[in-house]
Amino acid sequence: MRYQKKLLFLFTTFMILSVFIMYSNIISQPKKDTSVKKDKKELIPNAEGKIVLTDAEWKERLTDEEYHVLRQKGTEQGGTGKFYHNKADGKYYCAGCGYELFDSETKYDSGSGWPAFFKPATDSSVAEIDDSTLGMRRIEVKCQRCDSHLGHVFDDGPNPTGLRYCVNSASLLFKPDSTEKK
């Protein structure tokens, strides 16, 4: 009987903490900004090939949602991203700086709620950084050129790489090759 009470206490505590974490994540996300900032000036990389802007310049350049994801390492709610169900042929670019990140040929449905790719467009498209936030060990994926947060990469993807680049739609721009669907 005493074991059951301890187990019930632990389970209840876990559930309360889970709800608290989910709720705090939901309320910390900014309201969806439906405005599209189309007047993005072309960015010129510095001598090291990087795009370096001040926080104020990023805020001016990006929508609220893009800023939250790209600069504050936020995450959009699963299943809500504009590119999650996109099946058009084309290329995906960084919403922060326009750098080519992924090709639609490497996109697949992982069932995760976010666009998934099994490899970047080139070996130098993204940077992978150890991430131990939220009490777990993951690998963060950033744009190689402007250091914007894109998502994370996991080792549970399909062949040929076995990788799943789980990327926020808010961090991406898409340019279709044609109007044909896959």
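Applying the set (1) at pLDDT 95 or above; (2) more than 17 Å from GLY98 (Cβ to Cβ); (3) polar (S, T, N, Q) to SER132 leaves exactly one unmet item: (1). Do the conditions hold for GLY90, that is, is it small (Gly, Ala, Ser), more than 15 Å from the chain's Cα centre (by Cα) and modelled with pLDDT under 95? The answer is no for GLY90. Criterion applied to LEU43, LEU70 was being of a type in the set (A, V, I, L, M, F, W, C), assigned by TED's automatic domain parsing to the domain that holds LEU173 and touching a Cys at 6+ places or on another chain (Cβ under 9 Å), and the one residue passing it is LEU70.
The set of residues in region 96-127 being within 13 Å of the chain's Cα centre (by Cα), farther than 24 Å from ASP55 by Cβ and not in a loop (DSSP other than H, G, I, E, B) consists of PHE102, ALA116, PHE117. A Cβ distance below 6 Å, combined with a sequence gap of six or more or placement on separate chains, defines the contacts here; from region 94-118, residues that are among the β-branched types (Val, Ile, Thr) reach residues that are surrounded by fewer than 24 Cβ atoms within 10 Å (Cβ to Cβ) in the pairs THR106/PHE118; THR106/LYS119.
For region 58-89, filtered to residues that are surrounded by fewer than 17 Cβ atoms within 10 Å (Cβ to Cβ) and small (Gly, Ala, Ser), the residue that is farthest from GLY113 (Cα to Cα) is ALA88.
The values are calculated or read from the model by the stated rules, or taken from the named source; none is laboratory data. These numbers were taken from a predicted model, which means no experiment stands behind them. Cβ atoms come from the backbone with ideal geometry, glycine included; neighbour counts cover every protein chain shown.
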